[in-house]
Amino acid sequence: MSKFFISCDEATTICDKNQYGEASFGDKFKITLHMLMCKVCKCYSGQNTKMTKMYGNYSNGLCKKEKCLSNDDKAIMEESLKDRMEVPVSEK
């Protein structure tokens with residue numbers, strides 16, 4: 001049974017792999033169990049998902065002509081991330 005319980009370091013690694021579709025079924029099972037018990041990793045996973053979606057929106061929509069984000073786009077993205085990543089006071 002202990003092989004199903006993972007550390008937070010392993011959980012974040014699996015979370016990152018899962019974002020890119022590289023996590024195995026066993027990894028997905030382990031991360032699901034871990035996130036049921038660990039609010040910090042659950043929060044990390046949510047933030048990771050938001051950042052991946054936001055970057056995808058910017059890289060696919062706004063910056064097709066450029067290879068990199070402009071400084072203005074980076075500032076807009078940073079502000080948007082700050083607004084979305086704020087943890088409600090009740091969860092601190």
Rounded to one decimal in nm, the spacing of the 7 Å Cα→Cβ label points at LYS74 and LYS39 is 3.5 nm
Could I have the simple spin-label model distance between THR52 and MET85, label points 7 Å from Cα toward Cβ, reported in nm to one decimal?
1.7 nm
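Since every read-out is calculated from the coordinates, none of them should be taken as a lab result. These numbers were taken from a predicted model, which means no experiment stands behind them. Virtual Cβ from ideal backbone geometry, glycine too; neighbours counted across all protein chains shown.
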